[in-house]
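Scroll down for the structure; my scribbles are underneath it.
Just so you know, all these numbers are worked out from the coordinates, no wet-lab data involved. This one's a predicted model, so the numbers in the text were calculated from it and none came from an experiment. Reconstructed Cβ throughout: ideal geometry from the backbone, glycine too, with neighbour counts over all protein chains shown.
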Amino acid sequence: MIITEIKENVGYISLNDSSKLNALSAEMDDQIVACLKDFEEKKIRAVVLKASPNRHNVWSSGHDVNELPVGHRDPLGYFDHLEVLLHAIKRFPAPVIAQVHGSVWGGACDLIMCCDMVIADSTATFAMTPTKLGLPYNASGIGHFLNRLHLNNVREMFFTAQPVDAETAEKWGIVNHLTTEEELEGTVEQIIAAILNNSPMAIAIIKEQIRVLVDARPLSPDGFERIQGLRRKVYDSYDYAEGIQSFKEKRKPVFRGE
């Protein structure tokens, strides 16, 4: 599912399931998490997350929809395989850089939001698509977008589910650096070279401080329970079941708002 490589204390992970457009299946996510654990043991100084080339020009199609529950169960609970992967990236004690060529969909968009930096070329697009499936996205996932983008941009991405092109993504702050296709890899290597000049311990501590401070959002027990109750209304609904079924049948969903 993935191809891994270590070069000069830098770890590279390439998504490599072109048959499913690099969908984030449990098998793929588990392999990435295991790889990150191995990289941590080897004291890797930086990680580059990218995708092997495919004819559809898709970096990743997002959470494997075929692995989502049909209904009456939280589709994105704390121990869902994608959530475990996101936690692993955020807590990895070195910078994780997403090198993006092609389109990024749904849960994969959340994945790059959890990376420390995103370097993309002009082919990149980013779409947050849970509303196309009637899917109640979880609070932590929405928080990843709120931590990075202006509130208006977050609303537009989630409400419209339309792709954001590379230039707009750079303007919004999704992307740190936008390059040409030819310059993408070189730009990533320049960033890595700068990182390797600095103290790995200081970087690790600062990354963890940033994570703790960014996640420090006070929320009352009542507020948390309200969020969970609202999400439950959606994943118990007709619309959610219809969204999943229509995706599997490759047809346009007929939502009823109930």
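Rounded if a/c is under 1.5, else prolate if a/b is larger than b/c, else oblate: which is region 11-137, with a ≥ b ≥ c the root eigenvalues of its Cα gyration tensor? If you can, show how the numbers build up before the last one.
Details: a/c = 1.76, a/b = 1.22, b/c = 1.44.
Oblate.
With only Lys, Arg, Asp and Glu charged, each at its Cβ (+1 for the first two, -1 for the last two), find how big the charge dipole of region 142-184 is about the Cα centre; round to the nearest 20 debye. Spell out each step's value before the answer.
Working: 3 positive and 7 negative charges, 87 e Å.
Roughly 420 debye for region 142-184.
Which trypsin sites (Lys or Arg not before Pro) does region 47-84 hold that lie in a coil by DSSP with at most 12 other beta carbons within 10 Å? Filter output for region 47-84: R55, R73. Around the amide H of S122, modelled in the peptide plane, lie the amide H atoms of T179, E181, all under 5 Å away and 5 or more residues distant in sequence or on another chain.
In whole Å, what is the distance between the alpha-carbon centres of region 214-258 and region 94-112? Measuring centre to centre over Cα atoms gives 23 Å. Amide H to amide H, with H built 1.01 Å from N, N57 comes under 5 Å of no residue 5 or more places away or on another chain.
Ranked by how many other Cβ atoms sit within 10 Å of their own Cβ, fewest first, the residues C35, C109, C114 fall in the order C35, C114, C109. When the GluC sites (Glu not before Pro) in region 177-221 are filtered for DSSP coil states and for at most 15 other beta-carbon atoms within 10 Å of their beta-carbon, the remaining sites are E181, E182, E183.
Ranked from highest to lowest mean number of other Cβ atoms within 10 Å per residue, what is the order of the peptides 90-97, 198-205, 249-256, 40-47?
Values: 90-97: 19.8, 198-205: 12.5, 249-256: 10.6, 40-47: 17.0.
Ranked by mean Cβ neighbours within 10 Å, highest first: 90-97, 40-47, 198-205, 249-256.
For N9, put the label point 7 Å out on the Cα→Cβ axis and report which residues of region 58-97 keep their amide N under 16 Å from it. Only 93-96 fall inside the zone, counting backbone N under 16 Å. Estimated at 0.36 nm per residue, the fully extended path between E258 and I227 surpasses their Cα-Cα distance by 9.4 nm.
Using Cα-Cα distances under 8 Å and only pairs 6 or more residues apart, what relative contact order does the chain have, in percent? Kindly include the intermediate steps, with their values, before the conclusion.
On the way: 445 pairs, mean separation 48.3, N = 258.
This gives 19 percent for the chain.
Using R0 = 30 Å, the C-beta based FRET efficiency linking K171 and N16 works out to 0.45.
Contour minus end-to-end for E41 and R217, with contour as 0.36 nm per residue of separation and end-to-end as the Cα-Cα distance?
Values: separation 176, 0.36 × 176 = 63.36 nm, distance 3.11 nm.
Difference between extended and current length: 60.3 nm.
Computed over the chain, the range of Cα coordinates on each principal axis works out to 55, 45, 34 Å, biggest value leading.
Students often check this: by mean Cβ neighbours within 10 Å, which of 137-146, 151-160 ranks highest, and how do the rest follow? Don't jump to the answer; show the numbers that get you there.
On the way: 137-146: 18.7, 151-160: 14.7.
Ranking the peptides 137-146, 151-160 by packing returns 137-146, 151-160.
What do you get for chymotrypsin sites (Phe, Trp or Tyr not before Pro) in region 63-109 restricted to DSSP loop and a cutoff of at most 15 other Cβ within 10 Å of the site's Cβ? Mind showing how you got there, number by number?
Details: sites: Y78, F79, W105; in loops: Y78, F79.
In loop regions of region 63-109 (DSSP not H, G, I, E or B), the sparsely surrounded chymotrypsin sites (Phe, Trp or Tyr not before Pro) are Y78, F79.
Each residue in S237, S220 was given a count of other beta-carbon atoms within 10 angstrom of its own, and listing them fewest first yields S220, S237. Per-residue ellipticity at 222 nm computed for the chain from its helices equals -13500 deg cm²/dmol, with DSSP H segments shorter than 4 residues left out and the rest contributing -39,500 (n - 2.57).
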